[in-house]
Amino acid sequence: MKNRAPYYHQIGKEVEVFEHAYKNKIPFLLKGPTGTGKSRFIEYMAHKLDKKLITISCHEETSSTDLVGRYIIKGAETIWSDGPLTNAIKEGAIIYLDEIAEARPDVIVAIHSLTDHRRELFIDKLGKTVKAHEDFMLVASFNPGYQKGFKELKPSTRQRFIATAFAYPEAKIEAAILVNETNVDKDIAKKLVNIATKIRNLTELGLAETVSTRLLVDAAKLIHSGLPKRLAVEVAIVEPLTDDLDVVEALKDLCNLMI
Ligand SMILES: Nc1ncnc2c1ncn2[C@@H]1O[C@H](COP(=O)(O)OP(=O)(O)OP(=O)(O)O)[C@@H](O)[C@H]1O
Ligand SMILES: [Mg+2]
């Protein structure tokens, strides 16, 4: 039996688009800033399509070996061990490469033949090519704002994916998400969303990234569990955003007025 579906509030047409992408096995790119529901969306879709999801959080050291597999020493023997990507290809899972632009260039090279009509992976250490299972699909995420201009994806990579942009939901939907996720009072949810909207519009603060839905969820959880509202907002919204003391003070004042 399937376990309960992860809660995901649809923002636009992304569910429909993903279903068609899956039917056609077109690689899918989720673009958008931190905390906008990308991971939650793919968990929800994997559950909806009843497919296993394998998530890899890519970072600077993530290499194709980590994904494809490696020889390991077991007792007196050296044996081959498939990596998560190879496993996903063989068993027909959905693989989610979170923050794909962070990974080393050989990862991008490795997935090229998987993300076009060939749908195959060349395992150079085995001198072998593996064809993807018909249920296999590759999904990746990418945060365009982050470290501007530094880690970009080349057009030859990007154009292998269809892409959906994730952003902060409109106020009503975001408040509904807070209530659903945390059981916080509707009125408090509304106030938290108003605070977020206000801060998101303060572009002159020069924040690297602004208030995400994730931060609002955290603030709502703290309030729902009984932490005083002002303190909850300070630790869940203001402090995570910046270390600039003047900005912290200004944001605290603003939040205190609004909560
Ligand atoms: N549309 C949504 N439906 C339900 N919950 C949401 C939605 N958007 C955001 N959330 C809430 O925000 C939290 C953060 O979302 P998520 O982890 O999916 O963000 P993300 O885009 O993957 O961020 P990152 O880029 O940092 O990995 C979720 O745990 C959930 O509580
Ligand atoms: Mg995520």
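What follows is calculated from the coordinates using simple rules that are stated; it is not laboratory data. Fair warning: this is a prediction, and the values are worked out from it, not measured in the lab. We place every Cβ from the backbone using ideal geometry, glycine too, and count neighbours over all the protein chains shown.
For the stretch 89-222, the tally of Lys pairs with Cα-Cα distances below 23 Å comes to 14, considering only residues 8 or more apart or on different chains. The alpha-carbon atoms of the chain, seen along their principal axes, cover 64, 42, 41 angstrom, with the largest extent given first.
Using a simple spin-label model with pseudo-atoms 7 Å out from Cα toward Cβ, Thr65 and Lys154 lie 2.2 nm apart. The simple spin-label model puts a point 7 Å past each Cα toward its Cβ; for Asp135 and Val17 those points are separated by 2.6 nm. Report the FRET efficiency, 1/(1 + (r/R0)^6), for Leu257 and Asp185, where r is their Cβ-Cβ distance and R0 is 25 Å, rounded to 0.05. After rounding to 0.05, the efficiency reads 0.85. Taking the longest Cα principal axis of the chain as reference, the axis of helix 245-258 is set at about 70 degrees. Among Met45, Met137, Met258, the order by Cβ neighbours within 10 angstrom, fewest to most, reads Met258, Met45, Met137. If you count the DSSP beta bridges with both ends in the chain, what percent of them are antiparallel, to the nearest 5? If I count the DSSP bridges inside the chain, around 35 percent turn out antiparallel.
Subtracting the Cα-Cα distance of Ala165 and Lys74 from their residue separation scaled by 0.36 nm leaves 28.3 nm. Quote the FRET efficiency, to the nearest 0.05, computed for Val109 versus Ile26 with a Förster distance R0 of 22 Å and r equal to the Cβ-Cβ distance. For R0 = 22 Å, the calculated efficiency reads 0.65.
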